[in-house]
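As structure tokens, the structure follows; a few thoughts come after it.
The values are calculated or read from the model by the stated rules, or taken from the named source; none is laboratory data. Treat the numbers as computed from the prediction; the structure is a model and nothing was measured. Here the Cβ is made from the backbone with ideal geometry for all residues, glycine too, and neighbour counts use every protein chain on show. Surface accessibility is based on the protein's heavy atoms, side chains included, excluding ligands, DNA and RNA. Shrake-Rupley method; radii C 1.70, N 1.55, O 1.52, S 1.80 Å.
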Amino acid sequence: MGGLSEHDARQFLEKCQVHDSPLQAAILRVSKDIDTPSLAADPEKQEVGYHPFSLGLCADTCFNLRRRGETIDAEQFDMSPAATQELAARFLRSFGSDRDDAEWLKRLALTLRFDQQAAGACHGGSDTQQQAAWQALLAYSFVQPAGQPGWYRLHAQMRDALEDLLERKSNDVWQANHRWWRTHWSERSAEAIDEFAELAWYHWWRLELEPAQLHWNELIENERQNLRMTSHAALITWWESCKLEDWLSDPERRYEAAAGLNDLGCELRESTISSRKQNLVQAITCYERALRVYTEADFPQDWAMTQNNLGNAYGDLPTGDRGANLREAIACCERALRVYTEADFPQAWATTQNNLGNAYGDLPTGDRGANLREAIACYERALRVRTEADFPQAWAMTQNNLGTAYQELPTGDRGANLRAAIDCYARALRVYTETGFPQAWAMTQNNLGTAYKNLPTGDRGTNLREAIACYERALRVHTEADLPGGFADTTANLSIIEWYIAKEWKKGWIERFEVTQSEMWKNAEVNLIKALEVFERINHEHHAERHRELLERLRQERAAFEAEPEEE
């Protein structure tokens, strides 16, 4: 059963001074929930539910009519069940000749939330009139608290019904009111990204989808590039009230809605705040919804772009069957390459080849060596277009990825593979500087540290010391607050190298590493615990499971060490 039972619905109406039985029956009819199926198997035992919103709106209408001394009869509510717009219109008529408050409510319905200052400015009457209207407004059942004290919003069904009534009456008036709200919130905004800026942007988006979306893209890219990831996450929430999925069925706005979903998916994938799994699942949902509009037949380039983005999200997904996720990522890239050819779309083709290389490089099933050789081939194809001279950032990205593939390659000369990886990372760092591209620089430093850790040639102590230096440099950018995933990865790598050093301890290493062997064991465990806690907090299930196993092994080996006398 959806909504209230008949007994509770009638009790509610009695408390609202609606005592007349025929009037109650009429209100119950229009408030009936006809959408929620009953769970009772026996038709005679099936109960009907009643929508609290509809019941409340009918009671509000009766209250207004009683206050004005008008007769209330059942015929006034002779409407079909869940006729929200008719109910809203009937409520507005209950103001009688006082049309100013009715029009004021329609204007309030356009904005997402409001406080008394905004509502008063929108009303435009005298201070006394504004105060009276505000007190009456707060008594209505469809006015709800909106988070912070003193802030309110209209019930979503009431908002939609009133806005539709306003837009149908006059599109010019509808636009003028959205412009008024945009100006009001802009004037109250003190920062580019605050609650007032969000509200102003919403009204801009309702008026002009494309320029508002471009502005949002500029804002969020700036926050991401400057590692202000809390603000980045706040900007993502700006879309929550836009109902992009609903616009997909609007012939005039479906393309822009799909573009918004694609952009939102890209930023969800980049977000480092909250759950990594949740962000990526939401990103996948955004891309799949965008693909309802972006078909290969109608919008081939947009379709290919979204397929490529969808593949990236599946490739990053930290939950479920890792092999299945990566095979889906490969399939998405291969679909994109049906449109993106080297001859017609060289940059998009190279980007997709790079992403395809990432998926093959991570694929845990099949022949590991063959997968990595395919990844290397993809990166080398991408570098035919991504040259240092023409596309330095893309070139550096692919050099970093190529280095990782060489580092993980299980076949051939291990030392030669790792030296090739180190050369790739060094080339990437010609472009990726700490000041210019801090995140990419930190990622490459982290990868370079792992290559030095595994390097079997040269002085082992020197290699391990260089690896630690790389990880420590990466942690200057990979902070727990802004980049928790990167922080956990790099901290785990630092722990593992400390573990290696503790196990491989040699005479004279106290001077080289400035700690004792016992302290190195302790550091390794402390850092691994720290990394595991972050992996668990951000719901990175694959990493968390792997590092729980590593922590158990480390503790066993540390206990065995402590059972033996320490050697210098």
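If you go through region 120-147 and keep only what is surrounded by 10 or more Cβ atoms within 10 Å (Cβ to Cβ), without any contact (Cβ under 8 Å) to a residue 24 or more places away in the chain, polar (S, T, N, Q) and not in a helix (DSSP H, G or I), you end up with just Q144. State all residues of region 293-320 that are among the charged types (D, E, K, R) and either part of a helix (DSSP H, G or I) or at pLDDT below 95 (or both); if no residue qualifies, say none. Hits for region 293-320 are D302, D316. Which residue, of A375, A370, is among the hydrophobic types (A, V, I, L, M, F, W, C) and surrounded by fewer than 24 Cβ atoms within 10 Å (Cβ to Cβ)? Matching residue, one of A375, A370: A370. Residue pairs whose Cβ atoms lie under 6 Å apart, separated by 6 or more positions or on different chains, with the first residue in region 98-114 and free of Cβ contacts under 8 Å to residues at least 40 places away in the same chain and the second open to solvent by 10 Å² or more (accessible area, probe 1.4 Å), are D101/F95; A102/F95; W104/H123. For region 220-230, the condition holds for at least one residue, the condition being that it is aliphatic (A, V, I, L, M), under 15 Å from I193 (Cβ atoms), open to solvent by less than 50 Å² (accessible area, probe 1.4 Å) and touching a His at 6+ places or on another chain (Cβ under 9 Å).
Annotation: of all residues in region 406-426 being acidic (D, E) and in a helix (DSSP H, G or I), the one that is nearest to the chain's Cα centre (by Cα) is E408.
Considering region 277-314, and only residues there that are in contact with a helix residue (DSSP H, G or I) (Cβ under 6 Å, 6 or more places away or on another chain) and open to solvent by 50 Å² or more (accessible area, probe 1.4 Å), the residue that is nearest to W205 (Cα to Cα) turns out to be R289. Restricting attention to region 12-22, which residues are out of contact with any Leu (no Cβ under 8 Å at 6 or more places or on another chain) and open to solvent by less than 70 Å² (accessible area, probe 1.4 Å)? Result: C16, V18. Summed over region 516-558, residues that are among the hydrophobic types (A, V, I, L, M, F, W, C), open to solvent by less than 60 Å² (accessible area, probe 1.4 Å) and more than 30 Å from Y314 (Cα to Cα) total 4. Among the criteria (1) touching a Cys at 6+ places or on another chain (Cβ under 7 Å); (2) open to solvent by 50 Å² or more (accessible area, probe 1.4 Å), the one S249 does not fulfil is (1).
For beta carbons closer than 6 Å, sequence separation of 6+ or different chains, a first residue in region 174-188 that is touching a residue at least 12 places away in the same chain (Cβ under 8 Å) and a second that is of a type in the set (S, T, Y), the qualifying pairs are W181/T111. Residues in region 110-119 that are polar (S, T, N, Q) and buried (at least 20 other Cβ atoms within 10 Å of the Cβ): T111 only. For region 128-137, the condition of being farther than 23 Å from N64 by Cβ, of a type in the set (A, V, I, L, M, F, W, C) and out of contact with any Phe, Trp or Tyr (no Cβ under 8 Å at 6 or more places or on another chain) holds for none of the residues. Among the numbered conditions (1) surrounded by 20 or more Cβ atoms within 10 Å (Cβ to Cβ); (2) at positive phi; (3) not aromatic (F, W, Y), the only one that G320 does not meet is (1).
Return yes or no: is A190 open to solvent by 60 Å² or more (accessible area, probe 1.4 Å) and either within 19 Å of T111 (Cβ to Cβ) or among the hydroxyl-bearing types (S, T, Y) (or both)? When the stated conditions are applied, A190 passes them. When D160 is tested against (1) within 19 Å of T237 (Cβ to Cβ); (2) open to solvent by 20 Å² or more (accessible area, probe 1.4 Å), just one condition goes unmet, and that condition is (1). With respect to R107, is the statement that it is part of a helix (DSSP H, G or I), open to solvent by 10 Å² or more (accessible area, probe 1.4 Å) and within 18 Å of K32 (Cβ to Cβ) true? No: the conditions fail for R107.
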